[in-house]
Amino acid sequence: MIQSMTGYGKAVTELSQKKVTVEIKTLNSKNLDLNVRVPSMYREKELEIRSKLSQQLFRGKVDFSIYIESTGSETTSTINQEVVNSYIDQLRSITEVASESLLEIAMRLPDVLKTNREEFDETEWTEIEKTIDEAIDEVLVYRADEGAVLAHDFTTRIKNIQKLSAEVVDLDIQRLAQVRERIEKAVSDLVQNVDENRFEQELIYYLEKLDITEEKVRLKNHLDYFLQALLSEESNGKKLGFICQEIGREINTTGSKSNFAPMQKVVVQMKDELEKIKEQLLNVL
């Protein structure tokens, strides 16, 4: 079954001193476009993350983020006492202010806090990797659900085109009869005598130019093929797009040959249904 390129997945894990949240958002794109944001301590795993995402999400604009929230009493930031004391001494030399106020001013100045870089923990990463897999699974479920909705819409619209195509078949009989009648009337208005054999030959030639039998057959085959492709095990939006191009070609040729207002009206309805399919196909994986 087809899948949508639109998806969302989120997974959370609790570690000893932190909560890790993995979030993935996907949108439609012609190719795979990865945007990966990870904390600096896990930067060495970025290529591994990109490989995992590309193998399972295949196509689309993918925004991947890991968020870290500290839950323990330990902190990675400490006050740089030497810097603070230096600031206070300098401030005291240029102004007479209470020590509490000097401390408040000093704490807002640069380099007051030192951030200790956390070391990479392989055990922690094993748990985070499981969380990433959970988020990817959520995205795949989301994509499949969206794909089912799209498949239902496509099936409905293809069947609508099939019904309209059947109307074209019925109208074609009326159209050809009207064309023949119009030509015969035009010929009867002529003063000179007309050779009946030559008239029949010209009429047959003209009707052949307006004949849409091949277009009707090819359109039916393309519509059936589209429905078969929807049931394929693999989602292939590009293939469905190519089939739509062929469907559109037959519909356009039918419209250009019709020369009959009721049939042209039905052709416009078929084009409208096809355009709606094309718009939605942009979201198919």
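So that you can scan it fast, the table gives a plain yes or no per residue for (1) closer than 30 Å to T155 by Cβ; (2) loosely packed, with under 15 Cβ neighbours inside 10 Å; (3) out of contact with any helix residue (DSSP H, G or I) (no Cβ under 6 Å at 6 or more places or on another chain):
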| site | (1), (2), (3) |
| --- | --- |
| I2 | yes, no, no |
| M5 | yes, no, yes |
| G9 | yes, no, no |
| V22 | no, no, no |
| S40 | no, yes, yes |
| E44 | no, yes, yes |
Do any strands (runs of 3 or more DSSP E) lying entirely in the stretch 1-50 carry at least 1 residues that are in contact with a Phe, Trp or Tyr (Cβ under 7 Å, 6 or more places away or on another chain) and of a type in the set (A, V, I, L, M), and which ones are they? 18-27, 32-37
Of the residues that make up the stretch 238-249, is at least one β-branched (V, I, T), assigned to a helix (DSSP H, G or I) and free of Cβ contacts under 8 Å to residues at least 12 places away in the same chain? no
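Here's a check for you: in the stretch 212-252, which residue that is among the basic types (K, R) and under 19 Å from I173 (Cβ atoms) is modelled with the highest pLDDT?
Pass one, the stretch 212-252, residues among the basic types (K, R): 216, 218, 220, 238-239, 249.
If we keep only those that are under 19 Å from I173 (Cβ atoms) as well, we get 216, 220.
Details: K216: 93, K220: 96.
So the residue we want is K220.
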Any chance the stretch 253-266 includes a residue that's among the β-branched types (V, I, T), open to solvent by less than 70 Å² (accessible area, probe 1.4 Å), at pLDDT 95 or above and farther than 13 Å from S165 by Cα? no
State all residues of the stretch 23-53 that are free of Cβ contacts under 8 Å to residues at least 12 places away in the same chain and within 17 Å of V139 (Cα to Cα); if no residue qualifies, say none. S51
When residues of the stretch 267-285 are limited to those that are open to solvent by 10 Å² or more (accessible area, probe 1.4 Å) and outside any helix (DSSP H, G or I), the one farthest from K25 (Cα to Cα): L282
With the condition kept exactly as written, say whether any residue in the stretch 104-125 is of a type in the set (G, A, S) and more than 22 Å from the chain's Cα centre (by Cα). yes
Cβ-Cβ distance below 7 Å, separation of 6 or more or different chains: which pairs start in the stretch 1-22 with a residue that is within 18 Å of K278 (Cα to Cα) and in contact (Cβ under 8 Å) with a residue 12 or more places away in the chain and end on one that is among the polar types (S, T, N, Q) and outside any loop (DSSP other than H, G, I, E, B)? M5/T26; T6/T26
Any residue in the stretch 83-106 that is under 19 Å from E127 (Cα atoms), open to solvent by 60 Å² or more (accessible area, probe 1.4 Å) and of a type in the set (A, V, I, L, M, F, W, C)? no
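The values are calculated or read from the model by the stated rules, or taken from the named source; none is laboratory data. These numbers come from a predicted model, not from an experiment. All Cβ positions, glycine included, derive from the backbone under ideal geometry; neighbour counts span all protein chains shown. In case anyone asks, the SASA skips ligands and DNA or RNA and just uses the protein heavy atoms, side chains included. Shrake-Rupley method; radii C 1.70, N 1.55, O 1.52, S 1.80 Å.
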